[in-house]
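First up is the structure itself, then whatever we jot down about it.
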Amino acid sequence: MRIQYKLSITFILLLVFGVTAISSYSIVFIRGYLMSEAELNMEADAAQIRISLENSSPGLHEMLGYIGRETVYNIRIWSRDGMLTETAPGSEYLNETNPNLQPEIAALLAQMASENPSEPVYRRSSDRFFVYYLLNDKPEPAEYSFLEVSRLKSEIYRPVHTIRWIIYSGMFISIAIILFVSFIFSQYLAQPILALTRASMKIADGDTTQIISLNRTDEFGTLAQSINKMAARLQEDNKQLVRSSERQKQFYADISHEIRNPLHTISGTLEILQLDNLSQEKRNKFMKSAHNQVERLNRLFQDLMTLQKSDLDSNFIQPKPFLIGDLADGFIQIYQQMAQSKGLDFQVTGNENILVYADKDRIAQVLDNLVSNAIKYTPEGAVQVSWTTSGQYVEISVSDSGIGIQKEHIPNLFDRFYRTDKARSRDSGGTGLGLAVVKSILDAHQSVIEIDSSPGTGTSIRFTLPAGKGIPQQ
């Protein structure tokens, strides 16, 4: 059963029960109220009739006839021994076959006359209400009689019938209105629930483009906004997963390619080395080529291990204070020789006594990749490594006057196995992971890399490290 029908039935049952209970209580209350008011009025009217009869100058019979014609009550007079003596006009039908009071009533009236002659006595039958008063209250008991004033209960309750029909009519009208309002109200409540349900099911089936449009400010509107945000987040996550899957596929393809080429080279070299008529000079040349390919594979696996540690190991870096001059001493001599072999000017500038807070070995790995790339892609000119203090940070830069990088390549430059010139990267022996390793190490240090480059004018890569003995407060 749909929630709209459940809500409608629930509202209808609750409201119908409430209307019915209120209507029933109203009828019972009005019935009791009318009877109480009728008893009070009858008592007052009976007392007035008693006074009129006792003080009548024309005579008891004439006054009783006059009162009987003017009143709504049935009036009779009984003797002390329970015999009917007088009946007002319009009251003759009462006890026509039995002009005597019931013995128990006669005894009650007799007791009243002896104990409380001025107080009325009340009696109810199945269809009437009676009030008795003592008449002719005189010292001689033999001369008293009783006034009986009665009225049909149906006459007292006659307004109840009209009120009952009014209440019942109002109740049925109310129920009809309740049915209509309940349907509208349940539809109003069910509509956002159904919309949320349909949208949630579509999102669960993978349709993350689903948008819920509910122009509401209540909890339904808040829930719709939350689901929209969740769908947008899932959509973005799906895109990220797709991109990650594509990168992973590309990564496996690239790594297979990077491994396959050196293995083919090594395999071919070993076959050539098995030839008997191969000269020693060529044998040495091919052995050197195989050794270079092994070194290339070794660098590839080292870079892969570094990237894996950066992804999985929370202790990938272990920062400690160290002098940047100590780090420079380790690579100046090596890269000066590499630069001189290409006719390049290699310069290192900066205060060697500047203290930085970082992982010395990992930063050395960063500089090794950046400087080797700068020398590799600079056919002529200079390569410069410099550092300067800027507040609580030390800015380190590696600049060259090489071939530069086109702008469209810069955003992807640090992706794994990304090459601006694939053929040249393979020929030069690069793994395609060097700059990815640089970024992973600097990301672990919470350092941002900045690149300025244009084709033909060279490249400058900068990053910052905390200065001093601790990480500065952000």
* Would you pick out the residues in the stretch 310-332 that are exposed (fewer than 15 other Cβ atoms within 10 Å of the Cβ) and modelled with pLDDT under 75? -> Asp311, Leu312, Asp313, Ser314, Asn315, Gly330
* **Subset of the stretch 119-156 that is closer than 20 Å to Leu64 by Cα, not in a strand (DSSP E or B) and not charged (D, E, K, R) - its residue that is modelled with the highest pLDDT** => Pro120
* Asked: What number of residues within the stretch 20-47 satisfy the criterion of being surrounded by 13 or more Cβ atoms within 10 Å (Cβ to Cβ) and over 60 Å from the mean Cα position of the chain (by Cα)?
  -> 8
* Structure fact -> Restricting attention to the stretch 398-419, the residues that are modelled with pLDDT of 75 or more and at positive phi number exactly 1
* Looking only at the stretch 18-29, decide whether some residue is modelled with pLDDT of 80 or more and of a type in the set (S, T, N, Q). => no
* Asked: Counting only residues that are surrounded by fewer than 16 Cβ atoms within 10 Å (Cβ to Cβ) and among the aliphatic types (A, V, I, L, M), how many does the stretch 104-115 have?
  -> 2
* To do: Look at the stretch 340-361 and say how many of its residues are at pLDDT 85 or above and crowded, with 16+ Cβ neighbours inside 10 Å.
  => 9
* Structure fact -> Of the listed residues (Ser118, Ser169, Ser125, Ser213), the one being closer than 23 Å to Val72 by Cα, free of Cβ contacts under 8 Å to residues at least 24 places away in the same chain and surrounded by fewer than 18 Cβ atoms within 10 Å (Cβ to Cβ) is Ser125
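Conditions (1) over 21 Å from the mean Cα position of the chain (by Cα); (2) among the hydrophobic types (A, V, I, L, M, F, W, C); (3) assigned by TED's automatic domain parsing to the domain that holds Gly32, marked per residue:
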position	(1), (2), (3)
Leu152	yes, yes, yes
Glu155	yes, no, yes
Ala176	yes, yes, no
Phe185	yes, yes, no
Ala190	no, yes, no
Ile193	no, yes, no
Thr197	no, no, no
Ser200	no, no, no
Ile212	no, yes, no
* Among the residues of the stretch 71-92, count how many are touching a residue at least 60 places away in the same chain (Cβ under 8 Å) and either of a type in the set (Gly, Ala, Ser) or assigned to a strand (DSSP E or B) (or both). => 7
* Taking the stretch 211-248, which residues are charged (D, E, K, R) and either closer than 27 Å to Leu189 by Cβ or not in a helix (DSSP H, G or I) (or both)? -> Arg216, Asp218, Glu219, Lys229
* Asked: Right, Ile449: in the same structural domain as Lys320 (by TED's automatic domain parsing) and at pLDDT 85 or above or not?
  -> yes
* Residue count for the stretch 173-210, restricted to those that are outside any helix (DSSP H, G or I) and crowded, with 16+ Cβ neighbours inside 10 Å -> 2
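In the stretch 216-231, what count of residues is obtained for those that are modelled with pLDDT under 75 and surrounded by fewer than 17 Cβ atoms within 10 Å (Cβ to Cβ)?
Here the count works out to 4.
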* Residue selected from the stretch 373-396 under the condition small (Gly, Ala, Ser) and surrounded by fewer than 18 Cβ atoms within 10 Å (Cβ to Cβ), by the criterion nearest to Gly330 (Cα to Cα) -> Ser386
* To do: Tell me, please, whether a residue that is modelled with pLDDT of 80 or more, loosely packed, with under 12 Cβ neighbours inside 10 Å and out of contact with any Gly (no Cβ under 6 Å at 6 or more places or on another chain) can be found in the stretch 87-103.
  => no
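The values are calculated or read from the model by the stated rules, or taken from the named source; none is laboratory data. Predicted, not measured: the structure shown is a model, and the values here were computed from it. Heads up, the Cβs are rebuilt from the backbone with ideal geometry, glycines too, and the neighbour counts pull from every protein chain shown.
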